[in-house]
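The values are calculated or read from the model by the stated rules, or taken from the named source; none is laboratory data. In this text, all values refer to a predicted model and were calculated from it rather than measured experimentally. Note: ideal-geometry Cβ built from the backbone for every residue, glycine included; neighbour counts use all protein chains shown. The protein model used for the area step is the full one, side chains on, heavy atoms only, and it has no ligands, DNA or RNA in it. Shrake-Rupley method; radii C 1.70, N 1.55, O 1.52, S 1.80 Å.
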Amino acid sequence: MAASPMQTAIPQPPKWQIYLAFAAIYVIWGSTYLGIRFTNESIPPFLMSGMRFVIAGSCLYLYARIVNKAPAPTWPNIKAAAMVGFLLILIGNGGVAYAELTIPSSIAALLIATSPVWFVLLGWLFFGNARPNSKVISGLVLGLAGMVVLIGPGQLTGHALDMLGLGIIVFSTIGWTVGSLYSSVSKTLAPPLIHTALQMLAGGIFLLLMATLRGEVANFHVEQVSLKSWLAFGYLIVFGSLVGFNAYSWLIRVVPPSQASTYAYVNPLVAVILGWLFGGEAITWQMLLAGAFILPGVILILRAKAKNPKPEVVPEEVT
């Protein structure tokens, strides 16, 4: 029998669990940008992402049902998870994986550092969050200035960064934000592990459909995949999905979404350093200057205290 879809106060897990989850998404997700770049060298992006999430989602679902004895999901649980999976995994992760065919991993991470800006704007406009104050507005201006610096005047003459790739990353960031905000207020979520597993399964299926439509499945030859791509693929499944994505999916339900989004200003630092150390990517003055605008901007937004903030709530689990 389904529980009433009333909303309840956020449960308060031990602080060490929250800190550990934040550490996971800060460090691990910063490294996945380079992992995606390595898999893209010999595995098509949508096919890679689809296989990654179907495998990870299947493992997590079996663990939740067999080991944790979690109840089977209801149809409302499945629909809610499919919506979140479409936004977070197909639009968010899939879009980034495709864009990294033409955009360096460090640049992708810096652009995604603007996601707290979208959390503030979309949360206020569509999800009933507090209206942004002067600190938030200042942060928005800094973040947008950083994007202008990152793209640079050279782009106006058709050189430098690929505009389509940049646009896809921005669109993916917005999709990820909407999915996160929806997940934080949905009234039909399954228990955490089941919900996360269903998200990954649904998102992975969407990605495989996209890979099929793009001809990636028909043109894929497993013998052409390099060892480096296989190792990166395994890393993305275990750490990027089973550890990192599960940590984020849990955090979004126990802390305010604006706090969960703080991964966005730590990931770029990790990605830039790893891209320089292991990916042969240059660190330019333009990237450093863009980061000097973007990172303080999002920090300003997240440190701002809203007047009369709306109480943060999460839905009861439907079983």
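Here 137, 168 are screened, and the one residue that is among the aliphatic types (A, V, I, L, M), modelled with pLDDT of 85 or more and farther than 30 Å from residue 62 by Cα is 168. Looking only at residues in the stretch 219-249 that are open to solvent by 10 Å² or more (accessible area, probe 1.4 Å) and polar (S, T, N, Q), the one that is nearest to residue 63 (Cα to Cα) is 246.
Of all positions in the stretch 288-306, at least one carries a residue that is modelled with pLDDT under 75, open to solvent by 40 Å² or more (accessible area, probe 1.4 Å) and outside any helix (DSSP H, G or I).
If you check 115, 172, 180, 106 for being of a type in the set (Ser, Thr, Tyr) and out of contact with any Phe, Trp or Tyr (no Cβ under 8 Å at 6 or more places or on another chain), only one passes: 172. Applying the condition of being open to solvent by 60 Å² or more (accessible area, probe 1.4 Å) and not in a helix (DSSP H, G or I) to the stretch 258-287 and asking which residue is farthest from residue 145 (Cα to Cα) yields 280.
Search the stretch 64-78 for residues that are in contact (Cβ under 8 Å) with a residue 40 or more places away in the chain and farther than 12 Å from residue 195 by Cα and pair each with any residue that is open to solvent by less than 60 Å² (accessible area, probe 1.4 Å) and of a type in the set (A, V, I, L, M) when their beta-carbon atoms are under 7 Å apart and the residues are at least 6 apart or on different chains. Between residues of the stretch 64-78 that are in contact (Cβ under 8 Å) with a residue 40 or more places away in the chain and farther than 12 Å from residue 195 by Cα and residues that are open to solvent by less than 60 Å² (accessible area, probe 1.4 Å) and of a type in the set (A, V, I, L, M), the close pairs are 68/193.
For the stretch 123-151, a residue qualifies if it is among the aliphatic types (A, V, I, L, M) and open to solvent by less than 60 Å² (accessible area, probe 1.4 Å), and the qualifying residues are 130, 136, 140, 142, 145, 147, 149, 150, 151. Among residues of the stretch 211-230 that are in contact (Cβ under 8 Å) with a residue 60 or more places away in the chain, those with a Cβ under 6 angstrom from a residue that is open to solvent by 90 Å² or more (accessible area, probe 1.4 Å) and in a loop (DSSP other than H, G, I, E, B), sequence gap 6+ or separate chain, pair up as 229/41. Among the residues of the stretch 205-225, the ones that are among the charged types (D, E, K, R) and part of a helix (DSSP H, G or I) come to 1 in all. The condition of being hydrophobic (A, V, I, L, M, F, W, C), part of a helix (DSSP H, G or I) and farther than 30 Å from residue 280 by Cα holds for only one of 70, 82, 56, 21, that being 82.
The residues of the stretch 65-86 that are surrounded by fewer than 24 Cβ atoms within 10 Å (Cβ to Cβ) and within 30 Å of residue 295 (Cβ to Cβ) amount to a single one, 86. The criterion of being on the phi < 0 side of the Ramachandran plot and either touching an Asp or Glu at 6+ places or on another chain (Cβ under 8 Å) or in contact (Cβ under 8 Å) with a residue 40 or more places away in the chain (or both) does not hold for residue 148. Among the residues of the stretch 10-64, those identified as of a type in the set (A, V, I, L, M, F, W, C), out of contact with any strand residue (DSSP E or B) (no Cβ under 9 Å at 6 or more places or on another chain) and surrounded by fewer than 17 Cβ atoms within 10 Å (Cβ to Cβ) are 16, 20, 23, 27, 59, 62.
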